[in-house]
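Some notes on the structure that comes next.
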Protein chains: 2
Amino acid sequence: MDSEFSLIARLRRALPSAADPRLLVGIGDDAAVWRDGGYTVATTDTMVEGVHFLRDAVPACDVGWKALAANISDIAAMGATPAFALVTLCLPPDTDDSWPDGLYAGIRACAEAYGVTVAGGDIVSSPTLTITIALAGAPTLDASGEPLLLRRDAARAGDVVAVSGPLGGSAGGLRVLRSRGASSDAARLLVARHMRPRPRVDVGAAAVRAGVRCAIDISDGLLQDLGHICEASGAGADLRLDDVPIDPALSALYPDDARTLAATGGEDYELVVVAQRDAIERVSAALAAPLEVVGVMTSAAEHRVRALDSGGREVRFERGGWDHLSRAWLAT
Amino acid sequence: MDSEFSLIARLRRALPSAADPRLLVGIGDDAAVWRDGGYTVATTDTMVEGVHFLRDAVPACDVGWKALAANISDIAAMGATPAFALVTLCLPPDTDDSWPDGLYAGIRACAEAYGVTVAGGDIVSSPTLTITIALAGAPTLDASGEPLLLRRDAARAGDVVAVSGPLGGSAGGLRVLRSRGASSDAARLLVARHMRPRPRVDVGAAAVRAGVRCAIDISDGLLQDLGHICEASGAGADLRLDDVPIDPALSALYPDDARTLAATGGEDYELVVVAQRDAIERVSAALAAPLEVVGVMTSAAEHRVRALDSGGREVRFERGGWDHLSRAWLAT
């Protein structure tokens, strides 16, 4: 079987959508955008037991929170506001009722925190416990009612690359869960980063209002997600590893691997924001904590990210990030 | 574990949506309806291998067609027009590439037949092959721009119950697939009814324009789906079994069970339309084939469907329809 990204390319070829003039953004960005009466930004994200979570390692309510939060993050990465969710639950017949009750409680908590209303869904029997959420939101509009969007393909050479917060905490939390041992405050903070991420709707909205037009959320890992921007924009990027902000709890618990996990670990759900420096500064001025500049877009012909150490030497990482098809929750 | 309908009730309690004034129709109808810039009608539907289809019994393209068609039918049952789909594929790692290729080809064929654009989706690894589609559409609007909707809760005692076409064909096709033997023309027609359903967007649109305000699509079986209308509307229904139109191929291949399958078999994706008789006649006048009147809504206190034979005696069926949690594709 092909990798996820190859399969997405096959999907794009098999399902051409460019012909629809109502579709502003189709397959390949964080979310789709279309025009109906107004404008809708929509995304969908799935969590599979044994791949994205283990039922006996995390409470159902945390799975519910994270399933919705991952979708909210995609909407945030478009500079849009989440609004309505459809929740699909694939449930093994032997599941105790307390599990869906816990799941719904977590979804509800996240929905209330982000102003999302669950409007419907589906419940089916399946051998594999799976939660799929589709989420629709509203884009930020300009004065004439046209949508202002953050896209993957809007980066240009010379733009600054910034991130919205410390990274690697979610990957650290995953490591804590796998080890099933740690119970320190740092360990608990990391697990919370992994299972209760706080998507940055505030950052996306501030960015789009400040004139930024390019962003992505960190779901696969900074290096890989910045790579998606490079590929979509036809540009390269130089990332200064020493400038990547590291989750303090990660540095405390796993000091040897913290920098690697901050650069490559997935599911932090912070945003990567790419724009001219003055726009980045305007975004920072609108936020409680400023964006952190970590690199610059280049005109490198190979359209990839170079991760550089303090001496300007390229650093190669074994693990480039998360491929949803080849990597499972416990596989690495 | 509770039944599907009990779990949906739990979901409604756990995720109260009535507080959102933008939500016109929430959990419990064929699709949700909300107001954003315009109005959106949205639904989601899942097909799980081993529960809703067998990979070696049906081509991937048929699974793709049916996965999208089931969603389109939910939009049709609201009197709305389907527009944009998000496609989520949960794929076992050992799946040959030809399978998703076939799936996408079937989704594309159905999308083109109904004017739907695939705007995005998700691909993840899973032990269980699963296709989840979320579909958004546009409601029919009145002259002042307000949505005209077909709802489950709008039936009133004295209303006529009509169906949009012959029933039982899909259940007959499922029986053909299970027997893995039949190869007659009738058998092929029934399998096509099962795997290539043609949702009735035309009927929903004609109904809503003719002033009808109540409908449901036949996904669980006529008796059960009409029961959903009774429950939502606080009414009863008397169904005249002799008037239920039966798929001719079903009568040819399974004459002994045809009437039972027409009354209880699921996934025909015709519409049940409930309205005053003059409205039903206006709908019929707008369609190539008229609606078939099969019963009447009553004020029966127990809010259930009575299936009556030609002598007016109630007929009880062993199998009341399809519960997505307790019944699997091969279980009955």
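The values are calculated or read from the model by the stated rules, or taken from the named source; none is laboratory data. As the structure is a prediction and not an experimental result, all values here were calculated from the model. Cβ atoms come from the backbone with ideal geometry, glycine included; neighbour counts cover every protein chain shown.
For region A:257-275, which positions are more than 21 Å from residue A:198 (Cβ to Cβ) and in contact with a strand residue (DSSP E or B) (Cβ under 7 Å, 6 or more places away or on another chain)?
Matches in region A:257-275: A:259, A:274, A:275.
How many residues does region A:95-119 contain that are assigned to a loop (DSSP other than H, G, I, E, B) and at the interface with chain B (Cβ under 7 Å from one of its Cβ atoms)?
Final tally of qualifying residues: 2.
In the list A:83, A:162, which residue meets the criterion of being of a type in the set (Gly, Ala, Ser), in a strand (DSSP E or B), more than 9 Å from every other protein chain (Cβ to nearest Cβ) and buried (at least 19 other Cβ atoms within 10 Å of the Cβ)?
On the way: A:83 fails: more than 9 Å from every other protein chain (Cβ to nearest Cβ).
Going through A:83, A:162 in turn, just one is of a type in the set (Gly, Ala, Ser), in a strand (DSSP E or B), more than 9 Å from every other protein chain (Cβ to nearest Cβ) and buried (at least 19 other Cβ atoms within 10 Å of the Cβ): A:162.
Looking at region B:98-112, can you tell me whether even one residue there is touching a Gly at 6+ places or on another chain (Cβ under 6 Å), buried (at least 24 other Cβ atoms within 10 Å of the Cβ) and more than 16 Å from residue B:47 (Cα to Cα)?
Checked against the condition, which is being touching a Gly at 6+ places or on another chain (Cβ under 6 Å), buried (at least 24 other Cβ atoms within 10 Å of the Cβ) and more than 16 Å from residue B:47 (Cα to Cα), region B:98-112 yields no hits at all.
I'd like the residue in region A:12-27 that is at pLDDT 90 or above and in a strand (DSSP E or B) and, out of all such residues, is surrounded by the most Cβ atoms within 10 Å (Cβ to Cβ).
A:25
Condition first: within 19 Å of residue B:30 (Cα to Cα) and surrounded by fewer than 24 Cβ atoms within 10 Å (Cβ to Cβ). Now tell me which residues in region B:118-145 satisfy that.
Passing the criteria: B:138, B:140, B:141.
Name the one entry in B:45, B:30, B:56 that is among the charged types (D, E, K, R) and modelled with pLDDT of 95 or more.
Selected residue: B:45, the only one of B:45, B:30, B:56 that is among the charged types (D, E, K, R) and modelled with pLDDT of 95 or more.
Here's a check for you: in region B:49-64, which residue that is within 12 Å of chain A (Cβ to nearest Cβ) and part of a helix (DSSP H, G or I) is surrounded by the fewest Cβ atoms within 10 Å (Cβ to Cβ)?
It comes out as B:61.
Residue check, residue B:122 against (1) modelled with pLDDT of 95 or more; (2) within 12 Å of chain A (Cβ to nearest Cβ), all met but one. Which one?
(1)
Consider only pairs whose beta carbons are under 7 Å apart and that are at least six residues apart or on different chains; among these, list those whose first residue lies in region B:286-309 and is free of Cβ contacts under 8 Å to residues at least 60 places away in the same chain and whose second residue is of a type in the set (S, T, N, Q) and buried (at least 17 other Cβ atoms within 10 Å of the Cβ).
That search, which allows pairs on different chains as well, returns B:290/B:284.
Identify, from the list B:216, B:131, the residue that is within 14 Å of chain A (Cβ to nearest Cβ), among the β-branched types (Val, Ile, Thr), touching a strand residue (DSSP E or B) at 6+ places or on another chain (Cβ under 7 Å) and in a strand (DSSP E or B). Steps first, please.
Details: B:216 fails: within 14 Å of chain A (Cβ to nearest Cβ).
None of the others qualify; the one that does is B:131.
Only one of these conditions is not met by residue A:198: (1) surrounded by fewer than 23 Cβ atoms within 10 Å (Cβ to Cβ); (2) over 21 Å from residue A:113 (Cβ atoms); (3) at pLDDT 95 or above. Which number is it?
For residue A:198, the exception is condition (2).
Being surrounded by fewer than 23 Cβ atoms within 10 Å (Cβ to Cβ), modelled with pLDDT of 70 or more and more than 8 Å from chain A (Cβ to nearest Cβ): is that true of residue B:9 here?
yes
Between A:170, A:164, A:179, which is among the hydroxyl-bearing types (Ser, Thr, Tyr) and more than 21 Å from the chain's Cα centre (by Cα)?
Step by step, each of A:170, A:164, A:179 is checked, and only A:179 is among the hydroxyl-bearing types (Ser, Thr, Tyr) and more than 21 Å from the chain's Cα centre (by Cα).
Give region A:263-283 a look and list any residue that's over 26 Å from residue A:65 (Cβ atoms) and touching a residue at least 40 places away in the same chain (Cβ under 8 Å), or say none.
Listed by number, the residues that qualify are A:274, A:275, A:276, A:277, A:279, A:280, A:282, A:283.
Mind checking which helices (runs of 4 or more DSSP H) fall wholly inside region B:248-291 and carry at least 2 residues that are polar (S, T, N, Q)? If you could, list the steps in order and put the result at the bottom.
Working: elements: B:248-253, B:258-264, B:277-286.
Hits in region B:248-291: B:258-264.
I need every pair where a residue in region B:29-46 that is at the interface with chain A (Cβ under 7 Å from one of its Cβ atoms) and touching a residue at least 12 places away in the same chain (Cβ under 8 Å) has its Cβ under 7 Å from the Cβ of a residue that is assigned to a loop (DSSP other than H, G, I, E, B) and not hydrophobic (A, V, I, L, M, F, W, C), sequence separation at least 6 or different chains.
Here the result reads B:34/B:22; B:36/A:38; B:38/A:36; B:38/A:37; B:38/A:38; B:39/A:37; B:40/A:36; B:43/B:30, each pair linking region B:29-46 to a residue that is assigned to a loop (DSSP other than H, G, I, E, B) and not hydrophobic (A, V, I, L, M, F, W, C).
If the requirement is being of a type in the set (D, E, K, R), at pLDDT 95 or above and either surrounded by fewer than 19 Cβ atoms within 10 Å (Cβ to Cβ) or more than 30 Å from residue B:120 (Cβ to Cβ) (or both), which of these qualifies: B:185, B:153? Full working, then the answer.
Details: B:185 fails: at pLDDT 95 or above.
Sole residue among the options that is of a type in the set (D, E, K, R), at pLDDT 95 or above and either surrounded by fewer than 19 Cβ atoms within 10 Å (Cβ to Cβ) or more than 30 Å from residue B:120 (Cβ to Cβ) (or both): B:153.
What about residue B:245, is it under 27 Å from residue B:66 (Cβ atoms) and surrounded by 23 or more Cβ atoms within 10 Å (Cβ to Cβ)?
no
Looking at this structure, is residue B:249 within 23 Å of residue B:147 (Cα to Cα) and out of contact with any Cys (no Cβ under 9 Å at 6 or more places or on another chain)?
So residue B:249 does not fit the description; no.
Of the conditions (1) within 13 Å of residue A:167 (Cβ to Cβ); (2) among the polar types (S, T, N, Q); (3) more than 16 Å from the chain's Cα centre (by Cα), residue A:233 clears all except one; give me its number.
So the condition that residue A:233 fails would be (1).
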